[in-house]
Each structure stands twice: as C-alpha cells, then as structure tokens.
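Report on the structure given below.
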Amino acid sequence: MRELCATAIDVATAAGAEYADARVVVKRDQLVATKNGRVDRMTDSESEGIGVRVLVNGAWGFACDRRLTDEGARNAAQRACTFARAAAGRHSRALAPVEARQGRHESAVERDPFAVSLADKVDLCLRADAALEGGDVIVRQVMVRARREHKILLSSEGTDVEQILTESGAGMDCAAARDGVFQLRSYPSAHVGSSSQAGWEYVDGLRLADEAPRVAEQAAALVRADPCPSGITDVVLDADQVALQVHESVGHPTELDRVYGTEASYAGTSFLKPGDLGSLKYGSEHMNITADPTTPSGLGSFAFDDEGVPAKRTPVVERGCLTGFLTSRETAARIGAGGGGSMRADGWNRMPLVRMTNLHIEPGEGTLDDLLAGVDDGIYMETNRSWSIDDKRLNFQFGTQIAWEIKHGKLGRMLRDATYTGITPEFWGSLDAVAGRDAWQLYGLTNCGKGQPGQSAHVSHGAAPARFRKVQVGVKS
Amino acid sequence: MSALDVARLALEAAGGEAEAVAHSERSGLARFAGSEVHQPTLIENVVVTLRVVRGNRVGVATTNKVGDEGLAELVGRAATAAESAPPDESFPGLAPPTRPPDAGGYDEATAALGPDEQARLAAAAIDAAGEIPVYGFFTSAVSELSVASSTGLGVEQRMTDATALVVAAGEGCSGYAERTAWRAEDIDPGAVTREASEKAERTRGAATVDPGVYAAVLEPYAFADLLDYFSHDSLGALGVLEKRSYLSGRLGDAVVDEKITIRDDPVDTHGLPKAFDFEGTPKQPVTLVEHGVARGVVWDRTTAARAQNGATTTGHAGPVESRDWGPLPYCLSVAPGDAESVDELAERVGDGIYITRLHYLGVIDPREGVVTGMTRDGTFRIRDGKIAEPLVNLRFTVSVPDMLRDVYGLTRAASLVNSQNFYGERYPYGVLAPALATARFNITGVGSTPGI
C-alpha cells in the first residue's frame, strides 16, 4: 500500500502539483442489530481505496480510486491534478509548516472485536433485547458494532505514517407507547449507542443486559409522566447531554474552516471571528474545554491526523475565554496560529476536513447530588433526544429523553418531552458548576455530519453533569 | 463492467440462494466558498451488497472489491453471517423476477460530464455573483443500481443527477437558491447565483419579531425539507407498525387541509425517477394523503410480511444503510395549487412571515410530527399582503400536520428540491414541492442576523 501512495505522489508532482498527499484506507465495519427478539440487521462491510489530494497552482484537487493497483493510484493522482487545474478562483493557499513525520500507531485493544463470533454478538443482543420487555414497551432495539481502519498516508513533504484504529460500540433503545404518547429511552447514549477506540472489553463493560430492565421501566413510566412545564428555571444536565451541548455549541463553532466560511453552504458558519482568539468571553469561569486526540480510547484519538500532523492536546476554552480553534494546516497558516492537527477524512473517497477529535469539558468538583442540592426549584434532564442549532451555532434547542423536577435540592416527579433553548455564550455564561472527575465520562458518537459530499466523523466527548441557571425550558409546538 | 455484471458475478460466486445489489457512482463535486473552488472531489466506486439465505437465516456483507478474490471473501462473510443468525420466521423470501418499466432519469450528456465541465459549471455560478460572495457547489453524477437474485431477478437502472446550490452571503446578508435535475442542461448555474444574490441583497438590516404563531409562506426549499423529515417517521410502514408515525391509527381520517395531496411518484420525470427499489421490486406510485385524507404509507417486503394484514410491498426498500427507517418515499411529490406566484401567496397571507430555507431540523415528537429548526438565507415579514422587511433567522417548532391543517394555497408551479447530502453511496432523490401558504407557523425563538 505504501508503494501505491508513493506512486500517486510521484505522478501528481510530475503533473505539476506543488504539494500532494495520498492515503490508502482499508476499512471493515461489522454491525449486529436486533429488534423485538429477531435479528434486524447483520452486516459485514469492507471498503478500500486510495485518495489523492493535490495543490496545483494554489488550487486543491482531490480524486480517488477504489482499485489498490498501480493503475488506480496513477488514475487518482492524474484526475486530482486535472480537477485542481480546472478549479475556478484566485488561489493562493499556504500550509502551516510541519516537520515531516514517520511513524506507526495502533489502537490499544485487549480483545479483538472481530475475533468475537457473530453468533456471540447475536446472543448478547438477544439477551439484552429480552431484558427490555415490559408493559407498554413496543420496540426493543439492541446493537453492537466494530470497525477497523487501516490507513497509510504519504506526502510530497516526506510524511509517511501508518495507523490501525479499532473501535467497538454498543447501545440499546426502548420505545413505549400508550394513549397516543410515544416515548424513547436509550442506553448508554442515544446516538447509535456509544463507541470507544478499544476492543470488545468496552462492550462487555457496558453490561447491556443488566441495564436493560431499568431502561424499559423508565420508558414505560415516561408514557404516564407529565409533560415538562414551560418557564425559566435552573437546569442540571447529565453528562450525556453536556457532551451533546459541547459538541454542538463549542465543537462546531471552533472549527476554523467554519469561521472562515468554507462550510457556509451546508453545515454553516460560526458566530466566532478569527480576532476573537484570546479575548472572547465564551462562558463562565467554570467552563474549560480541551481538544485532545491523545485521550485513551477516544474515537477521535490518533497519533497523526490525515495531514500527518502529530496529535496534541489543545485548550479551546480556558476559564470561559476562547483560547484555541480546531485547525488544518491551511487554516492555521491563515490565522497565523497553531499548526493544524484536526484534519480527518471519512474513508478513502473523501477529502480531509477540519473535524473535532475528542473535545472535553474539564471536570469541576463534587457529585451530581451536590449539583442538585444547589437547586431549589428546577429541572434535571438526562440523555439527548433531539437537537437543533442555527447555522452560526448561536440559537439552539435541545431535548432530552427523560427529566425530573428538582425541588429543594432533591429529584421529584418524572417529566417527559423536556426541551431547553438558549443562545450559546449566554447559556455557557450561566454555567455555575461542573461535577468532578468521578462523574466525568467519555462518550463516543459516530454520526457527526459535515462537508459536501457528506462525511460522517467519529468523535468522543468527555463530560460530567453540569448546572446552568435561569434557562428557558419546555418549548411548545 | 456494468453494475448488473457486478451483481451477477457476486451472485454466481455465492452459488445458492442469494441476492446481490450493486451500486456504482462516478461523480464530481466542485465546492466553492468565498467565490473560489476549495473542495473539488471526484469519486468512482462500485459497492456490492450480498444477501445470503440459508433456509430462513439471512446474512449480509458488502464490499467494493469486485475481483474474484474480493467476491470470494464477500461470499464467505455473508455466509458466516447467515449461519450465525437465528431463524427468522417472518423472512419474506427474495423478490420474484420482474421486468420494471423504463422510468427514465438518465441523460447521456450529463453522464459524460467530466472534471473540466463540472469545474466550468461551478465557475458559471461563481462568475454570476455580484459584490456578495457565493458559497455552494455544482455536482453531477452517473450512478447505476442493479439487483440480481437466485430467483432469476435481474434489473438495472442508470441514473444521472446534477445540482447547483448557491448561498450568497456577506456581512449581514444571505440568500439561497438551488436547482436539481437529472439533465444537467436543465440547470443554469448562473441563474441560481442570481436568484440567491437577489435574495441576499434584500436581507440587509434584518429586524426581529416576537415569538408566536404566524401565518407564513414557505418556499419549496423550506416546505420540501419539512416534508422530508416528516416522512421518515410518518410516511413509511415501519413508523406505522412501531406506532411513532403520525398516521398510526389515522389512516382514512381527514388529517390536513383538503388542498393537500401528497404522493410518492417514482415515474414522474419532473422528479428523479426510480424504476425499482433495493429489493428489485418495481416501484408503485403511492397516494399518501389525498385531499387532506390520510390514505397510506409505503411498504417493502419485510414490513409487509411483518404486518400480517394483507399489505404488499410498494417497492420502497431503501439502501442498506437506511434500513433502520424501513421503507421510505424517495420520490415525494406535493400536488400544486392555483396561486400564480409566491407574491400571490403573500397576498393571501396578508400579515405573516416569508421563509426561504430551513436549517438543522430536529424531530421533537415523531408521533405528533413536531419538528424544530431555524430559518435561514432569506426570512422576511409579510405586511399588507406584500413581502416586506427582512428578518433575522428564526427558530420554529411546528407540528407538520398542524401546519398543513389550514392552508391558504399552493403555487401552480412545483420545484424539485434535492434531498440527498451525498453521504455514503450516491442515490439521487428529492421532493417535488410547490410553495405553500399556511395559517399557522409557530416561531419559538429569535436567532442571529443573516450572513457570514
């Protein structure tokens, strides 16, 4: 595979590229999903190919070929150069300098997820599925997944890195319905469960069958629960919902390509400006956000990004002040700060984009109970259900699967259909506590969309429960 | 080698009872920002999905390695999956042989477009911009879908599609336009830019409004987006079987205004026609809502078998990666009305809000069809029956059926609005929708000013 990358780079530079990189990616995905006691999906997918990115006269070009052959590599390189030459505009792109690195990296895996038989995976799902049965439960879904991505990146600057990244994940959803009310409860998260860059030990640790009765019981209780009332009140979010809040209202707006407008036609832009770096008040002093592709088991962990930049921990928000962006070499050169390190591509047939890696809110102090104790009258919300945010990542409305009222520091009656809405800096400004390290968890989601053509990224967020004051909750249709 | 050749090779390698779906793509997408191309992507791929059947045990595997070795591995993985699966008594079997009609939707000239032409058409969009920078893309593709199975089934369809999409955006202003067709010559990228730019010019100095329920005019872009989201839970059989569809228990009831008729019309050449689904079943036109009355949903073989109510497939099985949703209407079409223009719809509204496009929709309550999102790239006040001053982006939270319950009218002309975001393998689909005037559109929050 390394030779094919080298061939592609030779062809591209001979065709006039002042810069070229070539990635060979071989990927395998396995998914087992059961629904209501039967296997709903059982797929085993492989995809491989080479993607070549070039700069010709300052213009980018990208082309790919599924054939891992000399002809495929040459074809991709030549077509990338053709497209770059044809690209309209006034191109003068610079890349932040990085030292060309050579290296190899492999995920730490205790138990290879592909060595676990499909029959065992089906059995695990069906056992959890059976444990989800209960009154008013109408849909029981359980899934387990695994991915292995083997990629080699070479560049015309001498980068030569090889990485083998392995993921495992699992989750379950339980839907209940009664008298026209439909409710959903999930574990450990709502977004295709949760995944980790780890072996099957991660799935074992989730103890799906043990958690299932609680999930089913809560789903059934939700269809009888009162709707969340509307009003302005104090809110405590569980770690899962805080992770989603970080993703949508900090992760995406700090992607520097969005700040410069290059996602304007699809995912949107950002309320942040390049000049905000180091000065913008993003939130309260309790808000500390870090981008960290070195996090053990993070879905966004790697040794090198897809431009060959070594992984590095970067503060993004410190004590409420914006101190960093997520960058590529190109955007880093443009802003004159940093050296990239957040470029990731969804497989061999997509161009790398600025993406989140692992983006965490740093823990504070105390427990969830401590946070609740500080609320006289409010709402506690758990597990994301719906999410929507505007193109500048300012106005958001999120909903959770379940909520409870908080009265005099204690949880009271269960509530359904809880939503809350706000404006990003105002909302983060109302943060007055984050729970401590013991309550901090790592969530891995696999459905972060961006780019045209579309790309899905796998990212992790570490988060702990957090408390926000005077939040608008319970938006009605 | 055609997609059908690939499917037949996979089927031959499998030997026994099996189905192979081959899906190929050759596409170019010239994406631009700030009036220059910054992400030009050329893709060539073919993916084959093999479903192996052992009695009533089923296993699926996918690959893009279509040589002898790759297909042998594919067969091995699919067979292992089948042998690992418990028996599924509700498995409906593979689709019988059929001869679907020629649906059209293929244009030789569009298929022949290469990177130079794709870049030239993107440049045509860029060059038509005035002082306001433009962001968007031109893309075209040829894709082939084929299904072959041990029942003797062997069907194929070649499809072309092209889209020009432009957001014209500057400080405090933005406008949007898009054209999609299966014939690239039907798209004038310059005209798309001019529409977006003209809209953007009118959005400067945007004001706010108080949250509340307003009458509204939705351009086809906005109406199509809402319908597409609504359809995932409510217009497919799985949503009905799982009781999260708005139509669960309401089939036969008058659910919306009698001016509303919604169909899935796979052979309408004004849309992106489809001959058969991913199980190889010919697509049938399905009336979903007729003059306000809920009439039906779309089905595939799996949901029809599980319903045990006499339902049969309507040919709406989707790609493997979308099977979680069950069968979906990929050719949604809303019957037009009698209004000559959006201006006439604004006259009927009198006082309200004009919405061009929506952003980042989220389903809050599938059972009641409640969706939230933001308006974007051209929101205006309607006063005295005229489109008036620009507004900031607005958050809305609406029940789609409630929005359609009291309709002032629809335009006579409908537009094809692209619904694919080009994730995974290219499968062109969209919604054919007119503009809509509704009595109720619930604004629940106020966002930022338009533009960059």
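The values are calculated or read from the model by the stated rules, or taken from the named source; none is laboratory data. Predicted model, so just to flag it, every value in this text is computed and none were measured. Positions of Cβ are backbone-derived with ideal geometry, glycine not excepted, and every protein chain shown enters the neighbour counts. Protein only, heavy atoms only, side chains kept; ligands, DNA and RNA dropped before computing areas. Shrake-Rupley method; radii C 1.70, N 1.55, O 1.52, S 1.80 Å.
Before moving on, here are some points about what is shown:
- Inter-residue pairs, beta-carbon under 6 Å, first farther than 21 Å from residue A:90 by Cβ and in the range B:23-36, second open to solvent by less than 10 Å² (accessible area, probe 1.4 Å) and among the polar types (S, T, N, Q), 6+ apart: B:25/B:143; B:28/B:118
- A single member of A:185, A:140, A:148 is of a type in the set (D, E, K, R), surrounded by fewer than 22 Cβ atoms within 10 Å (Cβ to Cβ) and within 14 Å of chain B (Cβ to nearest Cβ), and it is A:148.
- Single residue of A:110, A:106 found to be in contact with a Gly (Cβ under 6 Å, 6 or more places away or on another chain) and within 30 Å of residue A:170 (Cβ to Cβ): A:110
- Selection of first residues in the range B:51-70 that are closer than 19 Å to residue B:92 by Cα and more than 8 Å from chain A (Cβ to nearest Cβ) and of second residues that are of a type in the set (Phe, Trp, Tyr) and surrounded by fewer than 23 Cβ atoms within 10 Å (Cβ to Cβ), restricted to Cβ pairs under 8 Å at least 6 apart or on distinct chains, gives the following pairs, ordered by first then second residue: B:53/B:91; B:56/B:91.
- Taken over the range B:82-120, the criterion of being open to solvent by 70 Å² or more (accessible area, probe 1.4 Å) and more than 14 Å from chain A (Cβ to nearest Cβ) is satisfied by B:96, B:97, B:99, B:101, B:102, B:108, B:112.
- Near pairs, Cβ below 6 angstrom, 6+ apart or cross-chain, from the range A:37-50 (over 30 Å from residue A:70 (Cβ atoms) and within 7 Å of chain B (Cβ to nearest Cβ)) to any residue that is open to solvent by less than 30 Å² (accessible area, probe 1.4 Å) and small (Gly, Ala, Ser): A:39/B:85; A:41/A:33; A:42/B:59; A:42/B:81; A:42/B:85
- The residue list A:226, A:240, A:257 contains one member that is within 21 Å of residue A:332 (Cα to Cα), touching a strand residue (DSSP E or B) at 6+ places or on another chain (Cβ under 9 Å) and of a type in the set (Asp, Glu), which is A:257.
- Residue B:451 meets each of the listed conditions (1) open to solvent by 20 Å² or more (accessible area, probe 1.4 Å); (2) on the phi > 0 side of the Ramachandran plot apart from (1).
- Output for the range B:238-261, where each listed residue is within 14 Å of chain A (Cβ to nearest Cβ) and hydrophobic (A, V, I, L, M, F, W, C): B:238, B:240, B:241, B:247, B:255
- Exclusive hit being in contact (Cβ under 8 Å) with a residue 24 or more places away in the chain and within 9 Å of chain A (Cβ to nearest Cβ), set B:405, B:395, B:383: B:395
- Taking the criterion of being over 17 Å from residue A:24 (Cβ atoms), exposed (fewer than 14 other Cβ atoms within 10 Å of the Cβ) and either in contact with a strand residue (DSSP E or B) (Cβ under 8 Å, 6 or more places away or on another chain) or modelled with pLDDT of 95 or more (or both), the only residue of the range A:58-96 that qualifies is A:90.
- Candidates in the range A:436-477 are the residues that are open to solvent by 10 Å² or more (accessible area, probe 1.4 Å) and of a type in the set (D, E, K, R); of these, the one that is farthest from residue B:137 (Cα to Cα) is A:438.
- Residues located in the range A:288-342, provided they are over 24 Å from residue A:24 (Cα atoms), without any contact (Cβ under 8 Å) to a residue 40 or more places away in the chain and of a type outside the set (Asp, Glu): A:313, A:314, A:315, A:319, A:336
- Scanning the range A:337-354 for residues that are under 20 Å from residue A:275 (Cβ atoms) and within 14 Å of chain B (Cβ to nearest Cβ) yields one hit, A:354.
- Meets criteria (over 20 Å from the mean Cα position of the chain (by Cα), open to solvent by less than 20 Å² (accessible area, probe 1.4 Å), closer than 28 Å to residue A:198 by Cα and not aliphatic (A, V, I, L, M)) for residue A:308: yes
- Any chance residue A:44 is acidic (Asp, Glu) and either within 30 Å of residue B:326 (Cβ to Cβ) or open to solvent by 20 Å² or more (accessible area, probe 1.4 Å) (or both): yes
- Residues located in the range A:207-253, provided they are under 26 Å from the mean Cα position of the chain (by Cα) and on the phi > 0 side of the Ramachandran plot: A:207
- Exclusive hit being under 23 Å from the mean Cα position of the chain (by Cα), of a type outside the set (Val, Ile, Thr) and surrounded by 23 or more Cβ atoms within 10 Å (Cβ to Cβ), set A:53, A:23, A:28: A:23
- Residues being open to solvent by less than 10 Å² (accessible area, probe 1.4 Å) and more than 9 Å from every other protein chain (Cβ to nearest Cβ) - total across the range A:258-272: 3
- Scope the range B:339-368; condition at the interface with chain A (Cβ under 9 Å from one of its Cβ atoms), in contact (Cβ under 8 Å) with a residue 12 or more places away in the chain and not charged (D, E, K, R); matching residues: B:359, B:360, B:361, B:363, B:364, B:366
- Matching residues in the range A:1-20 - criterion: being surrounded by fewer than 23 Cβ atoms within 10 Å (Cβ to Cβ), in contact with a Leu (Cβ under 9 Å, 6 or more places away or on another chain) and more than 15 Å from residue A:72 (Cα to Cα): A:18, A:19
- Just one of the listed residues (A:446, A:424) is over 26 Å from residue A:217 (Cβ atoms), in contact with a helix residue (DSSP H, G or I) (Cβ under 9 Å, 6 or more places away or on another chain) and within 14 Å of another protein chain (Cβ to nearest Cβ), and it is A:424.
- Among the residues of the range B:416-438, those that are more than 11 Å from the chain's Cα centre (by Cα) and not aliphatic (A, V, I, L, M) comprise B:423, B:424, B:425, B:426, B:434, B:438.
- The single condition among (1) within 18 Å of residue A:42 (Cβ to Cβ); (2) at pLDDT 95 or above; (3) more than 13 Å from chain A (Cβ to nearest Cβ) that residue B:79 does not meet is (3).
- Look at the range A:146-167: where a residue is more than 26 Å from residue A:11 (Cα to Cα) and a partner is acidic (Asp, Glu) and not in a loop (DSSP other than H, G, I, E, B), sitting 6+ places away or on another chain with Cβ atoms under 7 Å, you get A:146/A:167; A:147/A:29; A:147/A:167; A:164/A:106; A:165/A:149.
- Scanning the range B:10-20 for any residue that is without any contact (Cβ under 8 Å) to a residue 12 or more places away in the chain, open to solvent by 20 Å² or more (accessible area, probe 1.4 Å) and facing another protein chain (nearest Cβ under 7 Å) turns up nothing.
- Among the residues examined, residue B:288 qualifies as assigned to a strand (DSSP E or B) and aliphatic (A, V, I, L, M).
- Qualifying residue in the range B:178-189 (condition: assigned to a helix (DSSP H, G or I) and crowded, with 22+ Cβ neighbours inside 10 Å): yes
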